[in-house]
1. For Ala11, which of the numbered conditions (1) at pLDDT below 95; (2) within 30 Å of Glu164 (Cα to Cα); (3) open to solvent by less than 20 Å² (accessible area, probe 1.4 Å); (4) out of contact with any Gly (no Cβ under 6 Å at 6 or more places or on another chain) fails to hold?
2. Every residue in segment 99-121 that is surrounded by fewer than 23 Cβ atoms within 10 Å (Cβ to Cβ) and of a type in the set (A, V, I, L, M, F, W, C), please.
3. Please indicate, with yes or no, whether at least one residue in segment 35-42 is surrounded by 14 or more Cβ atoms within 10 Å (Cβ to Cβ), in a helix (DSSP H, G or I) and at pLDDT 65 or above.
4. Which pairs do you get when a residue that is closer than 15 Å to Ala176 by Cβ and among the aliphatic types (A, V, I, L, M), found in segment 114-126, comes within reach of a residue that is modelled with pLDDT of 95 or more and assigned to a loop (DSSP other than H, G, I, E, B), reach meaning Cβ atoms under 7 angstrom, with the pair 6+ apart or on two chains?
5. Return the residues of segment 50-68 that are in contact with a strand residue (DSSP E or B) (Cβ under 8 Å, 6 or more places away or on another chain) and in contact (Cβ under 8 Å) with a residue 60 or more places away in the chain; say none if nothing qualifies.
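The values are calculated or read from the model by the stated rules, or taken from the named source; none is laboratory data. These figures come from a predicted structure and were not determined experimentally. All Cβ positions, even for glycine, are placed from backbone atoms using ideal geometry, and neighbour counts span all protein chains on display. Each accessible area value is taken on the protein alone, full model and side chains, heavy atoms only, with ligands, DNA and RNA left out. Shrake-Rupley method; radii C 1.70, N 1.55, O 1.52, S 1.80 Å.
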Amino acid sequence: MRDLPTQHHPASNISALILAGGAGRRMGGEDKGLLLWQGKRLIDHVIDRIAPQVCDLMISCNRNRQIYRALAPLTPADLRPGFQGPLAGLEAARTVLSGKYVLLVPCDTPQLPTDLAVRLHSILHTNLHAQVSYAHTGNAGQYLCALLRVSALHSLSPFLDSGERAVRKWYGQIGAIEVDFAADQAAFLNLNEISALTT
């Protein structure tokens with residue numbers, strides 16, 4: 001397991017949660033976090049980008065847990081069967097999140113901004129009525145590149161129990177604010193968009 005940076009950071013009360021629990025249906029069932037891109041696994045790219053921005057980092061996964069455990073602490077596997085989406089991973093992680101904020105990032109976005117946490121935090125902590133801030137690239141919301149108040153997670157299980165799964169809908173219920181990353185669109189390219197590039 002790699003060591004996380006220990007230097008003081010303006011967002012030192014942020015924990016990161018890398019979402020690697022999907023079924024990989026659009027990739028033929030492959031575990032996306034373990035696929036190679038530019039000579040490294042996608043999960044390694046994401047950790048390298050995110051670890052310096054937060055005080056601690058965990059991985060949410062449902063498969064290959066021994067491999068992921070060698071990289072960072074793991075949150076519990078989804079409580080709900082059948083790969084029910086990223087919110088199910090966040091729900092399972094709730095019991096081990098100890099900070100004030102949690103930074104969500106997907107495992108298949110290897111070029112994330114190196115100032116993602118700071119920029120999301122600077123907006124969220126000054127907007128007391130919002131529970132989540134998320135990146136917006138001008139033409140699309142990046143709902144899984146988001147900073148949430150951990151205190152807002154109490155509403156997540158009832159939302160999922162109702163049969164809902166859409167991240168955007170839950171954000172709308174708890175109060176969300178978008179943060180402009182229009183100048184950084186390339187940083188949010190995910191595996192489904194870069195899979196045709198040279199690996």
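1. For Ala11, the exception is condition (2).
2. Within segment 99-121, Val118 is the sole residue that qualifies.
3. Checked against the condition, which is being surrounded by 14 or more Cβ atoms within 10 Å (Cβ to Cβ), in a helix (DSSP H, G or I) and at pLDDT 65 or above, segment 35-42 yields at least one hit.
4. Leu124/Ala130
5. Restricting attention to segment 50-68, the residues satisfying the condition of being in contact with a strand residue (DSSP E or B) (Cβ under 8 Å, 6 or more places away or on another chain) are 50-51, 53-61, 65, 68.
Across segment 50-68, the qualifying residues are Ile50, Gln53, Val54.
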